[in-house]
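What follows is one structure encoded as structure tokens, with my remarks underneath.
The values are calculated or read from the model by the stated rules, or taken from the named source; none is laboratory data. Model, not experiment: these values are computed from the prediction. Every residue, glycine among them, receives a Cβ derived from its backbone with ideal geometry; neighbour counts consider all protein chains shown. Only protein heavy atoms, including side chains, enter the accessible area calculation; ligands, DNA and RNA are left aside. Shrake-Rupley method; radii C 1.70, N 1.55, O 1.52, S 1.80 Å.
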There are 2 protein chains.
Amino acid sequence: MTPSLVANGGVAASEAVAAPVTGRVAAVYSEVQSSRIDHALPLPSVLTKPFKVVDGPASSAAGNPDEIAKLFPNVFGQPSALLVPSDSDSALPQQKLKIGVVLSGGQAPGGHNVISGIFDYLQDRAKGSTLYGFRGGPAGIMKNKYIELNSEYIYPYRNQGGFDMICSGRDKIETPEQFKQAEETAVKLDLDGLVVIGGDDSNTNACLLAENFRGKNLKTRVIGCPKTIDGDLKCKEVPTSFGFDTACKIYAEMIGNVMIDARSTGKYYHFVRLMGRAASHITLECALQTHPNITIIGEEVQNLIAELNEILAHDVVDEGGLWKNKLTSQSLQLFDFLPEAIQEQLMLERDPHGNVQVAKIETEKMLIQMVETDLEKRRQEGSYNGNSKDSLTFSGMKEDVVYQPTLILPTAMHWVMLLEHSFTVEKRGDIIGVSRLGICAAPVEEWTVGGTALTSLMDVERRHGKFKPVIKKAMVELEVSSDLAYQVHPSRKFASLRKDWAINNRYISPGPIQFHGPASNALSHTLLLELGVQA
Amino acid sequence: MTPSLVANGGVAASEAVAAPVTGRVAAVYSEVQSSRIDHALPLPSVLTKPFKVVDGPASSAAGNPDEIAKLFPNVFGQPSALLVPSDSDSALPQQKLKIGVVLSGGQAPGGHNVISGIFDYLQDRAKGSTLYGFRGGPAGIMKNKYIELNSEYIYPYRNQGGFDMICSGRDKIETPEQFKQAEETAVKLDLDGLVVIGGDDSNTNACLLAENFRGKNLKTRVIGCPKTIDGDLKCKEVPTSFGFDTACKIYAEMIGNVMIDARSTGKYYHFVRLMGRAASHITLECALQTHPNITIIGEEVQNLIAELNEILAHDVVDEGGLWKNKLTSQSLQLFDFLPEAIQEQLMLERDPHGNVQVAKIETEKMLIQMVETDLEKRRQEGSYNGNSKDSLTFSGMKEDVVYQPTLILPTAMHWVMLLEHSFTVEKRGDIIGVSRLGICAAPVEEWTVGGTALTSLMDVERRHGKFKPVIKKAMVELEVSSDLAYQVHPSRKFASLRKDWAINNRYISPGPIQFHGPASNALSHTLLLELGVQA
């Protein structure tokens, strides 16, 4: 019998849904957990002294501003905001506030620190305030299920992973009845503010809720806080979301480990698929941290496919290859980099709608098959004497392990970053804000702190004949675009190194996340590059 | 297209087997890797001053000593050895030595440190000595493929994971021709000693090689060094092998992470299968580190099955349950702890040979199915309102991820432990030695250092009508046995806590392995308990 462990959250099955377990009253902590609980977090200096909020210019939208303006008549156009030192605290009103906070969607390391940060801010800047934690996600708002958070309750969760302080949920507030329920809660608890900690869907929902509250003349202001490990919820004013940094570090550790294996055995090929939905930020970051031989950035392939589709539809594909001149230099480089078999698939195979079917193949399985075929060919030619099947391992990092990064203790990066969010609850002028790190390559103390209107991240999608607001996902930027030029630097750095990595031994093994000593303050390479700093 | 990474060891396919890549000349290091490279390792104080070797009583074997004595006439009965301070270095001869070292079998974190330790010892205690690293495992000995290890070559591997300094291999030296090849290499290189770093098979092979060299009157002495992450290669004098500590820590981190998920979502059951072959040391250690609700120790189930087989063969199984009195208290406790369905399977189902077929079922799949069935039953009774299928996740930690622990940077535990092995090369009296940690709960400086005869770990198995020597695997000890009483303590501690863990929230999340600050010096719970220290 294989030795096994079972963990079920410490709850009997019948209780599991009815009463999610919160509170770590009986919790026993490991040495690492204990050592983190009293860790004092550095703060940007602007938050440690009297400050005031300076408005930037009015904001627009990420796309279709006219439609966004129509969908959000009350909140569209809010200016971005920046915190600057002030002569006295009188710059912001000193009053007791009632604030609600909710965790929405999947877990990401750092959620507990966002809540602790809001709590500490209220304790420090608005004594006598109340912080309500809605339990189990947005459903907690609709059902008015909450707990009043106090020092004792929050304490065991400080700097710890997980979302179990108040638990999360995936419900949405979208029907008129649901909006009504949320209004009732806001009124009943006399909420001055509601902080929604979530990803793109949750922040879209937060924006709708804000519009709704404004429309009903409620005093409750809604603040969004960007949470996603995928890294695709960001804009110039919000350079990153919490979760991304830790996720990339734990993936990079695992990739570094299989690299050591590749080097030690000298005969295995490892294929690693990473999370990230449509965007490849995690892959790009991990590549910059570990230097694999080949990295496939989804956005590059999609660009290439789009260009090939255009060419195949309108041009003659000549044998001499002159048609290739119509590709952008980036796509041409990628095309030439690909093995012949993939080139052929990209040129020939289309489904009835004209799409490349290869896009639907699981990349790593296709790659494994191609390498197998090639090794077998070499074996028959006598240039390879191994057994091709034995030489290939697939490191999928899927199933539960793929979620390991969402659960781990947050890195120092997050402890700090999240505290900024605390300020937003008092920004009476802006109802929707997400923070920004400013030049975060500088010491934490020098970070700038600000927010931007959530509508400025929005675009619309046409669904069932109606415009639906959506937060435009930030993809890996491959070419210089007017607004997002800062995002191009990581790709450019990667492009300048990939050929060298392909043929030389440049593997880097980042090792496990460290909370003390060397590497404990390391920031994401992509973030640093986007901010103009060499990683 | 899903973003992916590929790592192939930096070698073209045609080179992969012919010329394993060694050397990290072009390697770029992460901050964590760099910070470890110059890390000074603490040494047991006996190794820092003049010492001499004191012999213990003559050794026997782990089983069938008469057969072992026949199989190893030249090396059987070697005494154990202990290093003690001496007035002067003259206690041990100061002469130049020629030593070979080989990595054998799968990877375990710490291998590079064993080699560095031997090298440093020679530099320090026997100036002018030569250390040969045989490449690619035992095949390197047979083919006389080696490199001469020097400071520059070893430097980049210090305190780093992997086996790529000289690479490993799974070949065995077992036929007369192969023994002849090994002899030729030993003679050609004029070897005074050969250190075989490997698991139970490799150490059995080392013992056969030693017997062979002695029989041929070669001067070459063979030293075994215990490497296995499974923790089943140990005895009283050799409390642990390298690899186990790091492996358990990385598993415990992952288990702690899914525990946080269980607590955060309040609705998932996680089932985790761990490595360990027949022995459950890893599972027991991880349980003591993390406190899961249920832990299944393979040895307990095997004991219970053996007792049930006896009872079913010779006794009447009465409905009143009086038959249960024939079970040992341990087995009775386990039997009563098991769900009814498993109890029935254990009582009823036997294959044609009378064995319990349930033992062949993958435990975690069986458990998932049982929980699914039970939740479905509760749902129909109205005491559970979730969807049972959705509430179950299987955290297999298998495929490549299961090997992550073999590849990670070694913990501090190993940096230290492995240095002890260096002394053995000069123990002219004992040809086979493995080190011991002594009371390793004490500071490293106070650790005792010694070795024991490899034949003392040996037993025989009857194969094809002949006795084959094998190292007796150390299983998790459940009952007090005369010789291995020290091994019982971890099980006893576990038994005293498991009921509490089953129903209360006692999860512990150890977090990632730390090299600095809190938890960086934590030792295995099982090891501490075996040494009589409360973990």
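The table for this structure:
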| read-out | value |
| --- | --- |
| Some residue of region A:290-307 being touching a Ser or Thr at 6+ places or on another chain (Cβ under 8 Å) and away from chain B (no Cβ under 12 Å) | yes |
| Residues located in region B:477-535, provided they are among the hydroxyl-bearing types (S, T, Y) and either modelled with pLDDT under 85 or assigned to a loop (DSSP other than H, G, I, E, B) (or both) | B:S481, B:S482, B:Y486, B:Y507, B:S509, B:S520, B:S524 |
| Meets criteria (open to solvent by less than 10 Å² (accessible area, probe 1.4 Å), modelled with pLDDT under 80 and at positive phi) for A:G266 | yes |
| Selection count, region B:118-143, where residues are within 11 Å of B:I197 (Cβ to Cβ) and at pLDDT below 90 | 1 |
| Strands (runs of 3 or more DSSP E) completely within region A:68-171 that count 2 or more residues being open to solvent by 30 Å² or more (accessible area, probe 1.4 Å) and closer than 28 Å to A:P44 by Cα | A:79-85 |
| Matching residues, region B:311-337, being surrounded by 11 or more Cβ atoms within 10 Å (Cβ to Cβ) and over 36 Å from the mean Cα position of the chain (by Cα) | B:D315, B:V317, B:L322, B:W323 |
| Residue in region B:36-60 that is modelled with the lowest pLDDT, counting only those that are open to solvent by less than 40 Å² (accessible area, probe 1.4 Å) and assigned to a helix (DSSP H, G or I) | B:L47 |
| Lone unmet requirement of (1) open to solvent by 10 Å² or more (accessible area, probe 1.4 Å); (2) within 26 Å of the chain's Cα centre (by Cα); (3) within 14 Å of another protein chain (Cβ to nearest Cβ); (4) modelled with pLDDT of 85 or more for A:Q33 | (1) |
| Whichever residue in region A:207-220 is open to solvent by 10 Å² or more (accessible area, probe 1.4 Å) and in contact (Cβ under 8 Å) with a residue 60 or more places away in the chain and, among such residues, is farthest from the other protein chains (Cβ to nearest Cβ) | A:G215 |
| Residues satisfying the stated conditions in region A:456-466, i.e. out of contact with any strand residue (DSSP E or B) (no Cβ under 8 Å at 6 or more places or on another chain) and outside any loop (DSSP other than H, G, I, E, B) | A:R463, A:K466 |
| Matching residues, region B:455-476, being under 30 Å from B:P42 (Cα atoms) and either at pLDDT below 85 or of a type in the set (S, T, N, Q) (or both) | B:S456 |
| So A:L327, is it in contact with a Leu (Cβ under 9 Å, 6 or more places away or on another chain), free of Cβ contacts under 8 Å to residues at least 24 places away in the same chain and under 21 Å from A:A502 (Cβ atoms) | yes |
| Top-ranked residue of region B:296-310 - restricted to ones that are more than 19 Å from B:M366 (Cα to Cα) and open to solvent by 10 Å² or more (accessible area, probe 1.4 Å), ranked as nearest to the chain's Cα centre (by Cα) | B:N303 |
| Yes/no for B:T204 being in a helix (DSSP H, G or I) and open to solvent by less than 10 Å² (accessible area, probe 1.4 Å) | no |
| Which numbered condition A:G63 fails, given (1) crowded, with 20+ Cβ neighbours inside 10 Å; (2) modelled with pLDDT of 85 or more | (1) |
| Where A:R170 falls short, out of the listed (1) more than 23 Å from A:A247 (Cα to Cα); (2) of a type in the set (K, R); (3) in contact with a strand residue (DSSP E or B) (Cβ under 9 Å, 6 or more places away or on another chain) | (1) |
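Residue-wise test of (1) open to solvent by 10 Å² or more (accessible area, probe 1.4 Å); (2) modelled with pLDDT of 85 or more; (3) in contact with a Gly (Cβ under 9 Å, 6 or more places away or on another chain); (4) part of a strand (DSSP E or B).
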| residue | (1), (2), (3), (4) |
| --- | --- |
| A:V222 | no, yes, yes, yes |
| A:Y251 | no, yes, no, no |
| A:G256 | no, yes, yes, no |
| A:A262 | no, no, yes, no |
| A:F271 | no, no, yes, yes |
